[in-house]
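Remarks on the structure that follows.
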Amino acid sequence: MYTVSSSPHIKSNDSVQGIMRDVIIALIPATFAGIYFFGMKAFLVTLLSVLSCIAAEALWQKLTHRKVTIGDLSAVVTGLLLAFNLPAAVPLWLPVIGGFFAIIIVKQFFGGIGQNIMNPALAARAFLLASWPVHMTNFTVDGVSAATSLGILKSGSGQLPSLISNFVGNQGGCIGETSVIALLIGGAYLLYRKVITWHTPVAYIGSVFILTLILGRDSLMTGNAIYEICSGGLMIGAIYMATDYTTSPMTKKGQVIFGIGCGVLTTIIRLYGGYAEGVSYAILIMSLFVPFIDKFTALRIFGEVK
C-alpha cells in the first residue's frame, strides 16, 4: 500500500524547460523593442549571444562527457539576458566571447545549472565591461552615438530624454533595458505564471525609489525618483536577474532583504560612485550574501529540539 522513498515528498509539475520557456516568452516584448529602436544590429547581437551560449554549453558537456542539456533552454535565457546587457553597437565578436564566458566560466565551472554562485549573464557583462569598456559604453540611437539618461544625470550636462521616451524605450542604452513598458509586460506575465513573486522586484525598485527621492543628486529631497527607476537597467535587473532561482534567496523574507540590499547598493553606486549605473554590480555583490540570508531567514522546522 505504501511506497517508501526519499524526500522531497511534495513535488511540482514545473520543469526547468517549462520555467525557461516562460522566461523566454516574457522577454519577447523587450526583444522586439530593442530591435525596433536599435535596428538589425541589435538582432545580430542577440542572435550571436544566444547561439554562443548554446554552443558553449553543448561543447563543454561534450568535452567533459556529460549529458548535453541545451534542451532545458537555460542557455537560451542566458544568451538573451546577456544580449540585453550589451549596446547594439558592440563588435559582433563581443557577444560570442561573453556567451562562452557566461556558460563555461560562470556556469559550468561551478557544476552547471543550479550551482553557479552568480548570474552568468551579469557576470559576463561585468567581465566584458572591465575588458572592453569603450565598446561596452558606446550607446547609439538611430545609428547616432547617444549618452544614456543615467550618464546625463551623472555628468550634469546634456539634454535628458523625456520620461515618456524612457518608458517607451527611445533612448540610449543597452539593447534590452531601455523599454520599461516592454519589461513590465514581461514581468506581469512571469507573475501571472508564478515563475517569480513580487517580493524581490518590489523591494528592489521601491528602495531605489525611496532612496533617490530622499538623497537626490544635488541635495536632500531633490531627487526625481520616477525618472531614476525608469532609467538604466533597474527594471530588467529587478524583474529578470535579481529573481534568478539559483542566485537569490529561497524565503520571502530573504527575497525582500535581498531586494533592499540591491536597491541600497544601486543607489550608492549611481549617486556617489564613478560609474553611472549600479544594477549589475549590486546584484552580483548581493548574490554573494545569499547563503547568509538563507541561513538567517530559514523557516522554522517543526519538531526541532533546541
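Each reported figure results from applying straightforward, stated rules to the coordinates on display, with no laboratory input. Everything numeric in this text was worked out from a predicted model, so none of it was measured. Every residue, glycine among them, receives a Cβ derived from its backbone with ideal geometry; neighbour counts consider all protein chains shown.
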With -39,500 (n - 2.57) per DSSP H segment of 4 or more residues and division by the full residue count of the chain, the 222 nm estimate, nearest 500 deg cm²/dmol, is -17000 deg cm²/dmol
Each label sits 7 Å from Cα toward the beta-carbon; between residue 36 and residue 62 the label points are separated, in nm, by 3.9
One point scatterer per Cα, no solvent, Debye formula: log10 I(q)/I(0) for the chain at q = 0.11, 0.14, 0.15 Å⁻¹ comes out as -0.65, -1.05, -1.20
Proximal lysine pairs in the chain, meaning Cα under 17 Å and 8 or more positions apart or interchain, come to 7
Once both label points are put 7 Å beyond Cα along the C-beta direction, the residue 299-residue 24 separation in nm becomes 3.1
So, with points 7 Å from each Cα along the Cβ direction, the residue 252-residue 14 label distance in nm works out to 1.5
Quick calc, residue 202 & residue 160: beta-carbon distance into FRET formula, R0 22 Å, rounding 0.05, result 0.25
